[in-house]
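Step one of this worksheet: look at the structure below.
Read-outs throughout are calculated quantities, based only on the coordinates presented, and are distinct from any laboratory measurement. Quantities reported herein were computed from a predicted structural model and do not represent experimental measurements. Backbone-built Cβ (ideal geometry, glycine too); neighbour counts: all protein chains shown.
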Amino acid sequence: MPNLLARRSYLRSLFLPPKPSIDVFLIHTQSELRNTNLCSSNSRRFSISNSFVYVPFYLGSKMLPHTPKSSEFVSNHYCSAHLHHQHCQFWSLSGKAPILGHGCGVSSIIIYFQAPNSLENVKISSEYNRNRVISNGVMLFCSHAAVEPSTSDGLTVERIIGNQWTILDESASDWKSHASAIAQSVHLIKKRLQWKKLMVRLEQLSAELNKPNIWDDPVHAGKISREHGSLMGKVKEVKAFEQDLCEHIDMIKLAREEGDAELESETMKALLRMRRDSKEKELDALLSGDHDSCSCFIEVQAGAGGTESMDWAAMVMQMYKAWAQRHGYGVTVVDEMPGEIAGIKRATIKLDGEYAFGYAKAEAGVHRLVRISPFDSGKRRHTSFAAVAVIPILEDVSSRIQISESDLRIERFRAGGAGGQHVNTTESAVRITHIPTGITATCQNERSQHQNKASAMAVLQSRVDQLEMARQAQMNAQHTQSLTEISWGNQIRTYVLHPYQMVKDLRTNYEVSDPDSVLEGDLDGFILCFLSAALDKDEDAP
Amino acid sequence: MKTTCFIRVPSFCTPISPIIRKHLQKSFNKTGHYNQNHISTLNSAQTSISTSPSSPAPSTSHKPQTPVFLRPLIYSSTFPDLQSFTSWAKTLVSSVGSTFVQLDNGSDSTLLLRELRWLLEDSIDDPSLIPHLGICQNGGITSNTGSSSTEVVRLRVSLGQMYQLWKQRIQERRPFQYIVGCEHWRDLVLSVEEGVLIPRPETEKIVDLVGNVVGGNEMLREGLWADLGTGSGALAIGIARILGKNGRVIATDLSPTAISVAKFNVERYGLQDIIEIKQGSWFSPLVHVEGELDGLVCNPPYIPSEDIGSLQAEVAKHEPRLALDGGVEGMDNLLHLCERTAAMLKPGGFFAFETNGEKQCRLLANHMENEMTGSFRDVNIVSDFADIPRFLTGFCD
């Protein structure tokens, strides 16, 4: 019977799962498999019933299709000793022991397990014939399980989000709050992964792999199976995380029912660990844009409205400086054009540090202030604007635009008079113009002209790079928010200091009622909210 | 501190290890004596052990001053006291407003505030305190995080000196560079003091011009160069750092003060084996290398005598007239240079002179073309970044 099934499977489709629910283990091997652990990503008990294992071996790039010789063969030599369950049946499609014995470079092993969920402590070890070199490897394994992880009473991640349990501070020992936070993170991670699209792709790949002649072209087959494995890895990781969450919830309920305080506190701790873990994963997911990890420049420009606007621009700049310091970024003022009475007309700062651009890009746009102006003797309410631009500093030098010296015009900033020996000044700023694009950059905060020129050049380079990125993004129709050219109509946030107190993001509707804390650099709420909203947009995009 | 020491250590010198340096500094600080002679030895020891043959010649009587940022941290103050200094200094600045600008095109309050920040940067042990001193003109929200009022701030000059220095800056219009004893020029930080011209940003470009010609010309790159009227040694040091390993520079100056300051700077950058400093007027210290020079640069005094009186106060009242006054037309020295350059340079040798502007450049270029026909080729007028025709370059034919 097993033989028959195997042969039929092989003829029809090598990987046709005998039952819909199946775990797939794909090991892409490169050296000896001795004691390679095939552990499932989460360590839980599992049960296997009627599991099948196909082990197609191939030498080099050529697969050797063979009917399984015997179930003992594989189980003896590969898996059985380490599989805890009795009902496993294993098949090797290479089958021929001698070939394996001589095998010079088994490059890949694919094992299918049929199992309701994932496996624990599956070990594959070769305990025979030392001459054989099975190369080791990258293990990709994942669950194809169609079942949504859920608790015993049917609670799933979706439902947890649906319940809208209040998310309290981490210190609060409330499992619902933890669960809700974790579920939010999982939800966000799924969005980042473009879950629906990913599932569709996975279907396609599975279908491809199910074609009977797939292995006629081993290179193509390898490619497909690697992509399949990689996607499955991601899916599996998320599923496992969901599963863990559900189990912990079950556990905590159980602990409460039985009044087991120790178990309850243990589980609570585990939930908290999960919450932190998921927060990290969530951030990874949020900041996965091409240039997110870069340092960046932040530029603030005052809108029309004279001193009041310039003061507002200075407040905005101060807000970013404070925010950057909280995050431990290095802050350097590159260029600052002070207003006549107060504030700044324009300023550029440089933020050095990981993911500076990834976060700061959420701030690009026009910020609006409503308050009673201290510069108005009539104590009237004023509305003023400041525009913020965020420019990544590309780390990869090769991806930067080559700027030719002859395309540049370099001028002394605020030059006047005879210059040279006539003048003693500590002002040595230069303005560099990139003639083809008309982009300019200035630096005036260094102590020598040479250094000012170098800093201005760095700004110019980044601006030219950004222009090119925007052009390419437009071409790819993936125009992102950060690259949108700032126009005064593009308002992103309003800060009201009078008659009431509120800061509201117009893109996400996120709002707080404490403008002071925001102006002191507490921007993370706004930034994270925008970043996750941006993910929604990505997902909705065709 | 942005100082970078580029050390070229001769084989017989051992570079001093950072640990020993630290130790030296420590034990030095412990004694608490502030002796300029000591400090300059210490500083030369920082680049190479001072058994170097070209350590300051005993013939130089002048002892160069140590720039503030290189002085030891032997003073201290408290954070509130520094804050009161800053607010006092700011008041002084705001009383100036734009009067200096109107008077003689001097610095405005924005520039003066920046100078105040730089003075603090050079004087304070921990520059991260500066943003909390309230120096930022555009406060927005002033946060006062980090520093408790009892905290001791270590200083390189006493608070009393700081008051004095800033008073000099505003009331006497003493140039900022003399106040802190240094000028940031290109990627260098050069010591300067009264009696030595403060190198100008325009002059940086001469090094770029030299860089362009030595790039594709090995003779020039590995050749013998001269910087006449070197002052602080800026051009000589800038050029020495872009020449090849066999390149040499002779730097001359008439002023003994300039000679000692130039030596200090040359040694600080560890270039004493590449740059030879000689005292004397123009070409007189170079008679032994007549016709052997591969390159010649010079920023001679070029301001017409009658203009000197109307210069910005910082220049007119504080900088050495010897380095500024170029005679009636301002051309005396430039013409003298022109006459001798052809004889001093090898065929194919390069020269670059700084001038007062378009008029002087044209006069010189015409002079070379008409009066000295056949001596030079590729004579070229190059503008500075303010678009003023500033430099005259060319090759000896």
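Brief remarks on what is shown
- As a calculated quantity, the FRET efficiency between residue B:340 and residue A:402 at R0 = 45 Å, using C-beta atoms, amounts to about 0.55.
- Residues in the range A:250-256 carry Karplus couplings, in order, of 4, 4, 5, 5, 4, 4, 5 Hz; the curve used is 6.51 cos²θ - 1.76 cosθ + 1.60 with θ = phi - 60°, and Gly or Pro positions show x.
- Across peptide B:377-388, the mean count of Cβ atoms from other chains lying within 10 Å of each residue's own Cβ comes to 4.
- Shielding by partners, peptide A:445-455 (average Cβ within 10 angstrom, other chains): 6
- Contact order normalised by residue count of the range A:294-542, Cα under 8 Å, 6+ apart, percent: 22 percent
- Per-residue Karplus couplings for the range A:320-325, computed as 6.51 cos²θ - 1.76 cosθ + 1.60 with θ equal to phi - 60°, are listed in order as 6, 4, 5, 4, 5, 5 Hz, Gly and Pro entered as x.
- For residue A:329, net neighbour charge (Lys/Arg +1, Asp/Glu -1) across residues whose Cβ lies under 11 Å away: +1
- For the peptides B:101-108, B:264-271, residues were scored by their other Cβ atoms within 10 Å and the scores averaged per peptide; the highest-first order is B:264-271, B:101-108.
- Estimated FRET transfer efficiency when R0 is 60 angstrom, pair residue A:194-residue B:378 (beta carbons, to 0.05): 0.45
- The local environment of residue A:152, defined by Cβ-Cβ distances under 12 Å, has a net charge of -3 under the rule Lys, Arg +1 and Asp, Glu -1.
- Rel. contact order, % - alpha carbon contacts under 8 angstrom, at least six apart, the range B:253-397: 21 percent
- Within the range A:157-286: Cβ-based charge dipole about Cα centre, in debye rounded to nearest 20 (Lys, Arg +1; Asp, Glu -1): 740 debye
- Residue-by-residue Karplus 3J(HN,Hα) for the range A:212-221, coefficients 6.51, -1.76, 1.60, Hz, glycine and proline x: x, 9, 4, 7, 5, 10, x, 5, 4, 4
- In the range A:157-286, Cα pairs under 8 Å separated by at least six residues give a relative contact order of 35 percent.
- Quick note on the range A:294-542: its Rg to Rh ratio, both from C-alpha atoms and Rh being the Kirkwood radius, is 0.99.
- Residue-averaged beta-carbon neighbours from other chains (10 angstrom radius) around B:182-190: 4
- Rg/Rh (Cα only; Kirkwood hydrodynamic radius) as it applies to the range A:157-286: 1.13
- Packing rank of B:239-245, B:293-299, A:383-389, where each peptide gets the mean count of other beta carbons within 10 Å, highest leading: B:293-299, A:383-389, B:239-245
- FRET efficiency estimate (nearest 0.05) - Cβ-Cβ, residue B:62 to residue A:516, R0 56 angstrom: 0.45
- Amide hydrogen neighbours beyond the local backbone of residue B:250, cut-off 5 Å, H modeled: B:225, B:226, B:227, B:276
- The modelled label-to-label distance for the pair residue A:279/residue A:497, using points 7 Å beyond Cα in the direction of Cβ, is 3.1 nm.
- 22 Å Cα-Cα threshold exceeded, pairs from A:176/A:236; A:191/A:504; B:63/B:205; A:191/A:236; B:263/B:317; A:196/A:281: A:176/A:236; A:191/A:504; B:63/B:205; B:263/B:317
- Spin-label pair residue B:164/residue B:209, simplified geometry with 7 Å Cα→Cβ offset, distance in nm: 4.1 nm
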